[in-house]
Amino acid sequence: MTRLTRRDLLLLALLTLFWGLNWPVMKISVREFPPLTFRLICMLGGIAVIWAVARIQKAPLGIPQGCVPTVLKLAIPNMFIWHALIIIGVRMLSSGRAAILGYTMPAWAVIAGLVFFGDRISRAALAGIVMAMSGAMLLLSSEFSRISGQPLGTLTVLMAAAAWGFGTVLMKRTQIEMPTISLTLWMLSFATAGIAVLVLIFELPQVRWPNWIEWLGILYNAVIIFGFAHVVWFQLARSLPPVASSLSVMFIPVIGTFSGAWILGEEPHWQDYVAIVLILGAMSTVMFRRPNDGSTS
């Protein structure tokens, strides 16, 4: 198992902060703005930022011959499905609850490794799956029990998390000779084209010019989330074991939940607190296991 270096830990800490704060940012941005359109504008801005950084780094931007299908295969779960479904789910749920459900992703990564790649699951990883899924089911049952609940939003976010989990494992297992920043640029470009089609089909009559608050959300997502976080995430996903790189950032829903409570006045319920504890328990199964423990990678 590849050990986390100090640089890896610093990058993971920044990812945790930036992605955690983005949940209330997204919620504010799509309250009155069509969600897929918001995501499309953010992704277009992200493409411009990543392209500019890649040019400064003098990274080769071409896709190696015969690798377009591979890049497309990586883009569909990691970018297209995740971003389309998660922004719809955020509009339906509180930002904190969406964050908690979104970060069941590592459990889905372990399941994907087992089902599609024949990975062995250690006892620690199995415990992590049980805890993460228990938290998700608790929140789902809570949504069903509320008259104004949004079980469809819960299921939408869980589907997004499952796609991202599968994509993370697929990224780790795919050999392609491209710099991470170039690979991210092309995956984002392919996904953006797909999101544009969805906007034309489902949101065209709702499209309007964003207001200044929505523009701030777009700027944050384009520069911080797509321009920095996604490049760093895929770099770590290619170099670290999928379970370690996934579960190690699961403090994000804690920041998402409490920043949502602070910024948006959302009131977490007891189910949210229990789910957070379960998710952190899932994180501990990887972060604190012994080096000679079984590994899924």
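Just checking, does the stretch 1-16 include any residue being acidic (Asp, Glu), out of contact with any helix residue (DSSP H, G or I) (no Cβ under 6 Å at 6 or more places or on another chain) and over 25 Å from ARG208 (Cβ atoms)?
Within the stretch 1-16, one or more residues are acidic (Asp, Glu), out of contact with any helix residue (DSSP H, G or I) (no Cβ under 6 Å at 6 or more places or on another chain) and over 25 Å from ARG208 (Cβ atoms).
Going through the stretch 102-138 one residue at a time, which ones are touching a Pro at 6+ places or on another chain (Cβ under 8 Å) and at pLDDT 85 or above?
Result: GLY102, ALA109, GLY113.
Of everything in the stretch 77-113, what is over 15 Å from VAL157 (Cα atoms) and without any contact (Cβ under 8 Å) to a residue 60 or more places away in the chain? Give them in sequence order.
If the condition is that a residue be over 15 Å from VAL157 (Cα atoms) and without any contact (Cβ under 8 Å) to a residue 60 or more places away in the chain, then ILE111, ALA112 are the ones that fit.
Using beta carbons and a limit of 7 Å, which pairs, at least six apart or on different chains, have the first residue in the stretch 140-158 and over 14 Å from SER94 (Cα atoms) and the second one at pLDDT below 90 and not in a helix (DSSP H, G or I)?
LEU158/THR104
Tell me which residues, restricted to the stretch 57-91, are charged (D, E, K, R) and part of a loop (DSSP other than H, G, I, E, B).
LYS58
Just checking, does the stretch 116-128 include any residue being free of Cβ contacts under 8 Å to residues at least 40 places away in the same chain, within 24 Å of MET171 (Cα to Cα) and either in contact with a helix residue (DSSP H, G or I) (Cβ under 9 Å, 6 or more places away or on another chain) or surrounded by fewer than 24 Cβ atoms within 10 Å (Cβ to Cβ) (or both)?
The answer is yes, given that some residue of the stretch 116-128 is free of Cβ contacts under 8 Å to residues at least 40 places away in the same chain, within 24 Å of MET171 (Cα to Cα) and either in contact with a helix residue (DSSP H, G or I) (Cβ under 9 Å, 6 or more places away or on another chain) or surrounded by fewer than 24 Cβ atoms within 10 Å (Cβ to Cβ) (or both).
Being within 21 Å of LEU200 (Cβ to Cβ), touching a residue at least 12 places away in the same chain (Cβ under 8 Å), among the hydrophobic types (A, V, I, L, M, F, W, C) and out of contact with any His (no Cβ under 6 Å at 6 or more places or on another chain): is that true of LEU40 here?
yes
Which ones in the stretch 112-128 are part of a helix (DSSP H, G or I) and among the basic types (Lys, Arg)? Before the answer, list the steps.
The first filter runs over the stretch 112-128 and keeps only residues part of a helix (DSSP H, G or I), leaving 112-117, 123-128.
Passing the criteria: only ARG123.
Could you check the stretch 1-56 and list, in sequence order, the residues that are closer than 23 Å to GLY194 by Cα, over 18 Å from the mean Cα position of the chain (by Cα), of a type in the set (A, V, I, L, M, F, W, C) and not in a helix (DSSP H, G or I)?
Within the stretch 1-56, just PHE33 meets the criteria.
The values are calculated or read from the model by the stated rules, or taken from the named source; none is laboratory data. Since the model is a prediction, treat every value here as computed from it, not as a measurement. Reconstructed Cβ throughout: ideal geometry from the backbone, glycine too, with neighbour counts over all protein chains shown.
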